1. Only one of these is assigned to a loop (DSSP other than H, G, I, E, B) and within 22 Å of Gly16 (Cα to Cα): Gly235, Gly148, Gly181, Gly159. Name it.
2. Being in a helix (DSSP H, G or I), more than 14 Å from the ligand (Cβ to nearest atom) and under 15 Å from the mean Cα position of the chain (by Cα) is the requirement here; does Ala33 meet it?
3. Residues Leu23, Leu19, Leu44, Leu105: which one is within 22 Å of Val167 (Cα to Cα), out of contact with any Ser or Thr (no Cβ under 6 Å at 6 or more places or on another chain) and either outside any helix (DSSP H, G or I) or at pLDDT 90 or above (or both)?
4. Tell me whether segment 37-44 contains one or more residues that are closer than 16 Å to Gly199 by Cβ and either crowded, with 21+ Cβ neighbours inside 10 Å or among the acidic types (Asp, Glu) (or both).
5. Being surrounded by 20 or more Cβ atoms within 10 Å (Cβ to Cβ), away from the ligand (no atom under 15 Å from the Cβ), at pLDDT below 90 and aliphatic (A, V, I, L, M) is the requirement here; does Ala3 meet it?
6. If you check every pair at least six apart or on different chains, which have Cβ atoms under 6 Å apart with a residue in segment 1-29 that is within 20 Å of Val154 (Cβ to Cβ) first and a residue that is surrounded by fewer than 23 Cβ atoms within 10 Å (Cβ to Cβ) and of a type in the set (Phe, Trp, Tyr) second?
7. Just checking, which of Leu184, Leu213 is more than 14 Å from the ligand (Cβ to nearest atom) and surrounded by 19 or more Cβ atoms within 10 Å (Cβ to Cβ)?
Amino acid sequence: MNAVFAASLAGAGFCGASLFGLLGGGITQRARASLLAFAAGIILALAFADLLPESVEAAGPKAIACFATAFALMALLEGLHSSHHRHDEADTTRSIGSEGATVLLPFVIGFALHNLAEGFVVAAGAGASAVAVGGIGIGVMVHKIPEGGSLGAVLAGSGTSRAKVAVIAFVLGLVVPVAAGLTLFFSPPGESAVGMMSGAAGGVLCYLGGSHLLPEAREGGGREAGVVFAVSMLGGVVLLLTLLSG
Ligand SMILES: [Zn+2]
């Protein structure tokens, strides 16, 4: 039960920070581009300075294979999707920065994978004392805040409706304690399997940050977006390797 509580703290941190996406209504094109640039920087920092090292530590080179496979699959699926719908131009060219962006789903899947893995990680530490589990929960919660914030920035930058933002934030937050809760009934997946999940999540997020968020931000915000991106990515890497490293 301790594990579910600790994972709930982590999920709440993620959900709360994602609700930042509620502020997205009625902002200017420029502000939207800056938000997308900011999100791209944080997401790439997470992929390289958090998910990749963490997954390699847990699963070794297999994690890198999962990272690369997920990245390649994203490009492949997207390529197939756009050739399949060639007649339906308006639908497939709908970008993240436009209303009803269709590309949000892969973000949700990427974060769901990562939150699932993190719920298992919290549960794995739950054999320890209540104090230790509380510490794990708070540690993971602190690190879930920039993650949720980056998703919130994507949601705000994409002009997603408030109701949808609330549902996405809540469901993805809930994934963490649900994953921890599942381990009470089923034997938890091994460390290597969790590491491979984190590697795949890293590949998905890396692809989305580099091939969607960044180009769109640069298109809409020019030089300013480039500066926001560089500062948020490097700042994110420094934070993840120092204060937020666990
Ligand atoms: Zn994480």
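The values are calculated or read from the model by the stated rules, or taken from the named source; none is laboratory data. For clarity, every value in this text was computed on a predicted model and none was experimentally measured. Every residue, glycine among them, receives a Cβ derived from its backbone with ideal geometry; neighbour counts consider all protein chains shown.
1. Within the list Gly235, Gly148, Gly181, Gly159, the selection yields Gly159.
2. For Ala33, the condition - in a helix (DSSP H, G or I), more than 14 Å from the ligand (Cβ to nearest atom) and under 15 Å from the mean Cα position of the chain (by Cα) - is not met.
3. Leu19
4. Looking for residues that are closer than 16 Å to Gly199 by Cβ and either crowded, with 21+ Cβ neighbours inside 10 Å or among the acidic types (Asp, Glu) (or both), one finds at least one in segment 37-44, hence yes.
5. Numbers: surrounded by 20 or more Cβ atoms within 10 Å (Cβ to Cβ): yes; away from the ligand (no atom under 15 Å from the Cβ): yes; at pLDDT below 90: yes; aliphatic (A, V, I, L, M): yes.
In short, yes.
6. Cβ pairs passing all conditions: Cys15/Phe170.
7. On the way: Leu184 fails: surrounded by 19 or more Cβ atoms within 10 Å (Cβ to Cβ).
Sole residue among the options that is more than 14 Å from the ligand (Cβ to nearest atom) and surrounded by 19 or more Cβ atoms within 10 Å (Cβ to Cβ): Leu213.
Here's the yes/no breakdown for (1) within 16 Å of the ligand (Cβ to nearest atom); (2) in contact with a Ser or Thr (Cβ under 6 Å, 6 or more places away or on another chain); (3) among the basic types (Lys, Arg):
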position	(1), (2), (3)
Ile168	no, no, no
Gly173	yes, no, no
Gly195	yes, yes, no
Gly203	yes, no, no
